[in-house]
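Undergrad: Please see the structure below; I have some questions.
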Amino acid sequence: MEDTFKIGTRTFTSRLMVGTGKYPSDEVMVEALRESGAEVVTVAIRRVDFKKPAGSFLGRIDTSRYTLLPNTAACYTADDAVRTARLAREALSTDLVKLEVIGDERTLFPDNEALLEAAKILVREGFTVLPYTNDDPVMARKLEDIGCAAVMPLAAPIGSGLGIRNPYNIRIILESVKVPVIVDAGVGTASDAAIAMELGCDGVLMNTGIAGAKEPVRMARAMRLAVEAGRLAYRAGRIPKRLYATASSPVAGMVGE
């Protein structure tokens, strides 16, 4: 059976979501998006020139092929994030928003109190809210409780490429909420994406891990395959870890026993 997942009322097949920033050129971005197999593409609203959308990178994205997920990157207050989300809805005709409220300029960690405040407002206004949060199971439950369509815990600081620093918290989040869990931020290479999916996450969102690679198009393909492999391994069910060896060819039942 086809392995799909839902965000709000939308159903997707690809579990890899990709950003549009930091690419060496728009041409490379377009090719990398294609190789990634992604269906959801996130755009930073503050990077879009809505007076000349066709002349900006937004004009290079095939909206018949990709679902746009506007984000509120670079917002440091709840009010700023809410205003940016409203602008995105009017400009792009979408209720989807990746909600970011940054609390620290150096680490880009989220301000969870402001995030929760902004999320409550946007959910009441009919947005499908995907909040970028830290790997805190308690906050994940709070975001689900107020009506967020998913939770997006960070793997590591944005753009760090450190991979999943605390897989145990991610596992607890997966046990704590029923909405999709999408790992966001910190993925550096294909093995990081595979680990996220093997934990049972519903998806992975990344930008720098692809756009910042020496060859973004090849990395996009690698990330696609890693997400697919990790998801398949999760569904297959790995063997338990053991301290001692277990023979691959058991002797029980051999002729002459």
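The values are calculated or read from the model by the stated rules, or taken from the named source; none is laboratory data. Here the structure is a predicted model, which is why all the values come from computation and not from measurement. Virtual Cβ from ideal backbone geometry, glycine too; neighbours counted across all protein chains shown. Areas reflect the complete protein model, heavy atoms only, side chains present, ligands, DNA and RNA absent. Shrake-Rupley method; radii C 1.70, N 1.55, O 1.52, S 1.80 Å.
Undergrad: Restricting to the stretch 1-140, what percent of DSSP beta bridges are antiparallel, rounded to 5?
TA: Restricted to the stretch 1-140, the bridges split so that about 25 percent are antiparallel.
Undergrad: What number comes out for accessible area per residue over the stretch 1-117 if the probe is 1.4 Å? Units Å², please.
TA: I get 50 Å² per residue for the stretch 1-117.
Undergrad: Under a cut-off of 20 Å between alpha-carbon atoms, report the aspartates and glutamates in cross-link reach of LYS120, not counting same-chain residues fewer than 8 places apart.
TA: Of all the aspartates and glutamates, those that pass the test against LYS120 - Cα under 20 Å, at least 8 places apart if same chain - are ASP79, ASP80, GLU90, ASP95, GLU100, ASP111, ASP135, ASP136, GLU144, ASP145.
Undergrad: Can you tell which of ALA149, ALA245, ALA229 shows the greatest fluctuation in a Gaussian network model of the chain with Cα springs below 10 Å?
TA: For the chain, modelled as a Gaussian network with Cα springs under 10 Å, the answer is ALA245.
Undergrad: Determine the share of the stretch 118-199's accessible area contributed by carbon and sulfur atoms, expressed in whole percent, with a 1.4 angstrom probe.
TA: Of all accessible area on the stretch 118-199, carbon and sulfur atoms account for 49 percent.
Undergrad: Another question about this same structure. Mind checking which of MET139, ALA229, THR67 is farthest towards the positive end of the chain's charge dipole, using Cβ charges of +1 (Lys, Arg) and -1 (Asp, Glu) about the Cα centre?
TA: Checked the options; the winner is ALA229.
Undergrad: Modelled label-to-label distance, SER191 and TYR76, 7 Å Cα→beta-carbon offset: nm?
TA: A separation of 3.7 nm, rounded to one decimal place.
Undergrad: For a protection proxy built on the mean count of beta-carbon atoms within 10 angstrom, sort 163-169, 125-131 highest first, please.
TA: 125-131, 163-169
Undergrad: With labels modelled as points extended 7 Å from the Cα through the Cβ direction, what inter-label distance (nm, one decimal) is found for PHE5 paired with SER25?
TA: Between PHE5 and SER25, the label points sit 3.4 nm apart.
Undergrad: Using per-residue counts of other Cβ atoms within 10 Å, averaged over each peptide, order 60-70, 30-40, 84-94 from highest down.
TA: Listed from highest to lowest mean packing, they are 30-40, 84-94, 60-70.
Undergrad: Can you tell me the order of 109-116, 15-22, 221-228 when each peptide is scored by its average per-residue count of other Cβ atoms within 10 angstrom, highest first?
TA: The densest-packed peptide leads the list: 15-22, 221-228, 109-116.
Undergrad: Express the carbon and sulfur contribution to the solvent-accessible surface of the stretch 1-95 as a percent, rounded to the nearest whole number, probe 1.4 angstrom.
TA: Answer for the stretch 1-95 is 48 percent, counting heavy atoms of protein chains only.
Undergrad: Is there a quick way to get the dipole size of the chain? I mean about its Cα centre, with the Cβ of Lys and Arg at +1 and of Asp and Glu at -1; what is the value in debye to the nearest 20?
TA: 300 debye
Undergrad: Given axes a ≥ b ≥ c from the Cα gyration tensor, I'd like to know whether the chain is rounded (a/c under 1.5), prolate (a/b larger than b/c) or oblate.
TA: Cα axes put the chain in the prolate bin.
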